[in-house]
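What follows is a single structure, written as structure tokens, with notes after it.
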Amino acid sequence: MSMLVVLALGASDANAYPQWQLSTGLGRCNQCHYAPDGGGLINSYGRDADGDELSTFQGNGAFLHGLVALPSFFAIGADLRGALVVEDVQDPIHGTTPHVFPMQADLEARAALPAGFSLYGTLGLRGRVRTGGPFVPTQNYQPISTSELISREHWALWQPESLGPYVRAGRYFAPFGLRLAEHITYIRRDLGFNVLEESYNISAGYLFNEWELHLTAFAPDFVRHIGSREKGFVGYFERRLFDDTVALAGQTRYAIGDGVEKFILGVLAKVYVAPIKTLFFGEVDSVQLMFDSPLVGTREQLVAAYGLTVFPVRGVMLTALGERNQLDLAVRDSAWSAANAFFNWFPYPHCEMQLVGRLEFPAGGDTAKTFLAQLHYFL
Amino acid sequence: MLKSLVPTVAAIALTCSMGCGSSADDRPAVWEYISPAIFQPNCATVSCHSPAAAVAGLDFSTMDHGYTSLTSLWVWIVDMNGTAEMGCRKVNGTTVCQKGSRPLVTPYDPSQSLIVHMLRAQGAARMPPDRPLPEADIELVEKWILNGATWAGRSPFDAGGGPSPGGEDAGDGSAEATNLDGGAADHAGASSDGVVDAPDAR
């Protein structure tokens, strides 16, 4: 059962809820985050927003609640998550025993350097490693790391201004897709963005108020063998319209894996309707699977997510999400569908509670039911 | 080009959001498809059967490692009668030898293949443990087994020879104690009968 825990867990970088985009009146993710495409450690503007606008009871969103003032060129943070999960996959051996476990423990730091350069890194723990010792199946031996320490992200950035060009190099997820926090969604898990699958990248891009462009070349970690095993490139272009209430994006990803090359063309959209405090969003990706073997040839896959998030009162998000992953468009029953409900509450700055309900329907197979409750605190 | 692509993708999405395609499965039942399309994305996640974790010694991240994991994995098993000439060695005073484990597939017989029992959660722990596979994918695996579970000139029947004496060491101390005998592979990584848990060599 402990495997379930590891599988269900492993959070994304904290604070990276794409639902904040547009719904807060902000169009660009890097208005609150240090990363050009959002995610990870938040900047002083993001901390102020956390304290004043995003939490129900408001407070001080600064590092350590404002007890310690850091120099402006240096920022640190941490994310701690604990969770309870109950999962029913109709497993006669493991049943549905609830499990409580630590979900994330990461430290994050960012240092600004002269001339628009900066360094960013995280250090935390990963859930499962190969055990130490001399017993390894000979055929499956690879020189891999047995350390439980993991740096999900470490990168160097050149970005002279928050608007304009940037170049980034290091380990992180290439800008792609809706970037939902939940890695179990098909648009993350099945498109190369599952938990701990960050790749080594070189990105170049341009940010403007109305649009942004990110181009990334990526490769796997050949030393530790942790993360994506593919190599290729990613392109993402987003256009924002109507005073940052609508965002439309096109994206592509070409990845060379073992036995198959994957070429993705996708579109996504977000629309915020202020009168009903609701954000509508959707992503559809067409995946061309080009197998090395002529016996198989080329097949088509479709992965999609669509849903809405309502913000009924300050600090509360209610999200409904539908998903579809059809492994082969020519075979109707080679698919999963899923329905999710998320309740996120940010009562005070630095604090979050999340409840997740998920139903997953493999065509012709056994339904999987998941309930997850997590508490999240970040410095 | 983008102007034509966007409506095309949107049309496909609308059409297929409730399911499209045929009820007939024309996919080839070969490892060249099953590994990259089914086993790698579903089983080789970082914390499971990837090189980084290789839970139960199984690594499905490549066609080669995946095929080996299913058909011919060797494991270190306690054997007090083992000798160095047999490729055995002492670890913390205990003699261990590499021996072939029970393959997860039984060629030509899906009903006797442990991997099928796991995919269906029939008398074995569910695999993948967080999301059952669509029936069509399981049936494709069964069809491959029914056809002999071969790949690139290899067959599960090739596994009988076992490792050469003094098999390759895990040079950096990384390892996984594994025994698939006697039922489901213990996906929690603990040892089953006959296998000594590896001491931490770091």
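The values are calculated or read from the model by the stated rules, or taken from the named source; none is laboratory data. All values reported here derive from a predicted model rather than from experimental measurement. Counting neighbours? That spans all protein chains shown, and the Cβs are built from the backbone with ideal geometry, glycine included.
Structure notes:
- The set of residues in segment A:45-61 that are more than 22 Å from the chain's Cα centre (by Cα) and at negative phi comprises A:48, A:51, A:52, A:53, A:56, A:57, A:60, A:61.
- Top-ranked residue of segment A:174-199 - restricted to ones that are aromatic (Phe, Trp, Tyr) and modelled with pLDDT of 95 or more, ranked as surrounded by the fewest Cβ atoms within 10 Å (Cβ to Cβ): A:186
- Residue match in segment A:186-201 (condition: among the aromatic types (Phe, Trp, Tyr), closer than 30 Å to residue A:273 by Cβ and free of Cβ contacts under 8 Å to residues at least 60 places away in the same chain): yes
- Condition met for residue A:280 (surrounded by fewer than 18 Cβ atoms within 10 Å (Cβ to Cβ) and without any contact (Cβ under 8 Å) to a residue 12 or more places away in the chain): no
- Going through (1) touching a helix residue (DSSP H, G or I) at 6+ places or on another chain (Cβ under 9 Å); (2) over 30 Å from residue A:222 (Cα atoms) one by one, residue B:36 falls short only on (2).
- Number of positions in segment B:52-75 that are in a loop (DSSP other than H, G, I, E, B) and either more than 7 Å from chain A (Cβ to nearest Cβ) or surrounded by fewer than 24 Cβ atoms within 10 Å (Cβ to Cβ) (or both): 4
- Residues that are modelled with pLDDT of 95 or more, among the small types (Gly, Ala, Ser) and within 23 Å of residue A:377 (Cβ to Cβ) are absent from segment A:7-18.
- Of all residues in segment A:286-310, those satisfying the criterion of being under 26 Å from the mean Cα position of the chain (by Cα) and hydroxyl-bearing (Ser, Thr, Tyr) are A:286, A:306, A:309.
- Taking (1) within 14 Å of chain B (Cβ to nearest Cβ); (2) buried (at least 17 other Cβ atoms within 10 Å of the Cβ); (3) in a strand (DSSP E or B); (4) in contact with a Leu (Cβ under 8 Å, 6 or more places away or on another chain) in turn, residue A:336 satisfies each apart from (4).
- Exclusive hit being surrounded by fewer than 19 Cβ atoms within 10 Å (Cβ to Cβ), in contact with a strand residue (DSSP E or B) (Cβ under 9 Å, 6 or more places away or on another chain) and of a type in the set (Asp, Glu), set B:130, B:79, B:109: B:79
- Of the residues making up segment A:312-321, just one is under 18 Å from the mean Cα position of the chain (by Cα) and exposed (fewer than 15 other Cβ atoms within 10 Å of the Cβ), namely A:320.
- Residue list for segment A:340-379, filter: within 14 Å of chain B (Cβ to nearest Cβ) and either part of a loop (DSSP other than H, G, I, E, B) or more than 25 Å from residue A:100 (Cβ to Cβ) (or both): A:361, A:362, A:363, A:364, A:365, A:366, A:367
- Against the list (1) outside any helix (DSSP H, G or I); (2) surrounded by 23 or more Cβ atoms within 10 Å (Cβ to Cβ); (3) within 13 Å of chain A (Cβ to nearest Cβ); (4) of a type in the set (A, V, I, L, M, F, W, C), the condition residue B:119 fails is (1).
- Considering residues of segment A:213-248 that are among the hydroxyl-bearing types (Ser, Thr, Tyr) and touching a residue at least 60 places away in the same chain (Cβ under 8 Å) only, the residue surrounded by the most Cβ atoms within 10 Å (Cβ to Cβ): A:236
- The single condition from (1) modelled with pLDDT of 95 or more; (2) more than 20 Å from the chain's Cα centre (by Cα); (3) within 10 Å of another protein chain (Cβ to nearest Cβ) that residue A:274 fails is (3).
- Test result for residue A:131, surrounded by 14 or more Cβ atoms within 10 Å (Cβ to Cβ), of a type in the set (S, T, N, Q), in contact with a Ser or Thr (Cβ under 8 Å, 6 or more places away or on another chain) and modelled with pLDDT of 85 or more: no
- From the options A:266, A:235, A:259, A:250, residue that is farther than 21 Å from residue A:321 by Cα and at the interface with chain B (Cβ under 9 Å from one of its Cβ atoms): A:259
- Condition check for residue B:126: within 17 Å of the chain's Cα centre (by Cα), without any contact (Cβ under 8 Å) to a residue 12 or more places away in the chain, within 12 Å of chain A (Cβ to nearest Cβ) and not in a helix (DSSP H, G or I): yes
- Checklist (1) at pLDDT below 85; (2) assigned to a helix (DSSP H, G or I); (3) touching a Ser or Thr at 6+ places or on another chain (Cβ under 8 Å) applied to residue B:14, failing item: (3)
- Some residue of segment A:315-331 being within 27 Å of residue B:121 (Cβ to Cβ), in a strand (DSSP E or B), at pLDDT below 95 and within 11 Å of chain B (Cβ to nearest Cβ): yes
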